[in-house]
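The numbers here are math on the coordinates, done by the rules we state, and not lab data. This is a predicted model, so every value here is computed, not measured. With ideal geometry, Cβ positions are generated from the backbone for all residues, glycine too; neighbour counts draw on all protein chains shown.
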Amino acid sequence: EKIWSQNISSNYKDHTYVSNFTKKYINKGGKVLEAGCGLGQHVFSLHKNDFNVTGVDYATNTIKFLKDKFPKLDIQHGNVENLKKFNSSTFDFYWSMGLIEHFFYGFEKLILEAVRVTKNGGYLGFTFPTINPIRRAKIKLGYYKKLTKEDIDIENFYQYAFNDKKIIKELKSYNLEFIEKKYLDAFKSFKDDIDFLKLPLQKIYSSNNVYSKIIKKIIN
């Protein structure tokens, strides 16, 4: 919430990659859940595109902000590992964006709940940071410090970066069929992983002027 409070005026667009992607698989009026909806940009977009969408998050202050700003949106407080307020087989599409990487002990409970609340024949979409080519090269070069048990600070743990092939294999173990993979936001990855360019690239990433949009579009 501290991070989000700095971006509370984020742009809300009628179309995001999530709403565009959802259209490929379910019809308008379909029931969609975004688990861990954060600032609600995708809930807003899905609503604008005539989906019956519900957003769930654990961040109380953010939910209050969204309810005040967008009273027509269905935004609810909840725990993604225990979606007890929703019956089984409720949703046609379950979305989880940038969420599974934040669970230090693993995301099994989240996946089990995702499968439970999604209809048989429905769809689940997950986004997460991956071990991209730049990170893979840095690993081989010994750039990253290897952690010992003593180094691990669970209290201040932030996120993992995953091998996407391994995640897909793990998701299949929940009796899910893999349909499609798409890489997103290459510019952010480029910006975060090249240290000596991080500051100038951050300025471009944070800007919405014409030149910044062109640069981001080329790299993405």
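Observations on the structure shown:
- Averaging the Cα positions of each part gives two centres, and for segment 98-119 and segment 158-172 these lie 12 Å apart.
- Segment ASN163..ASN52, full-extension length gain: 36.7 nm, with 0.36 nm per residue of separation and the alpha-carbon distance subtracted.
- Counting DSSP beta bridges with both ends in the chain, the antiparallel % (nearest 5): 5 percent
- Net charge contributed by nearby residues that have their C-beta within less than 12 Å of ILE219 (K/R +1, D/E -1): +4
- Computed per residue of the chain from DSSP H runs no shorter than four, each worth -39500 (n - 2.57), the mean residue ellipticity at 222 nm is -10500 deg cm²/dmol.
- Neighbourhood net charge (11 Å Cβ-Cβ; Lys/Arg +1, Asp/Glu -1) for GLY121: -1
- Loop-located GluC sites (Glu not before Pro) in segment 96-183, at most 16 other Cβ atoms within 10 Å (DSSP): GLU150, GLU177, GLU180
- Segment 66-197, relative contact order [Cα under 8 Å, separation at least 6], %: 24 percent
- Taking label points 7 Å from Cα along the Cα-to-Cβ direction, PHE104 and TYR144 give a separation of 1.8 nm.
- Each Lys or Arg adds one and each Asp or Glu subtracts one; over the other residues with Cβ under 14 Å from the Cβ of VAL32, this totals +2.
- Sequence-distant contacts, meaning Cα pairs under 8 Å at least 6 residues apart, place the relative contact order of the chain at 14 percent.
- Available extension along the chain between ILE218 and PHE196 is 5.9 nm, counting 0.36 nm per residue and deducting the alpha carbon span.
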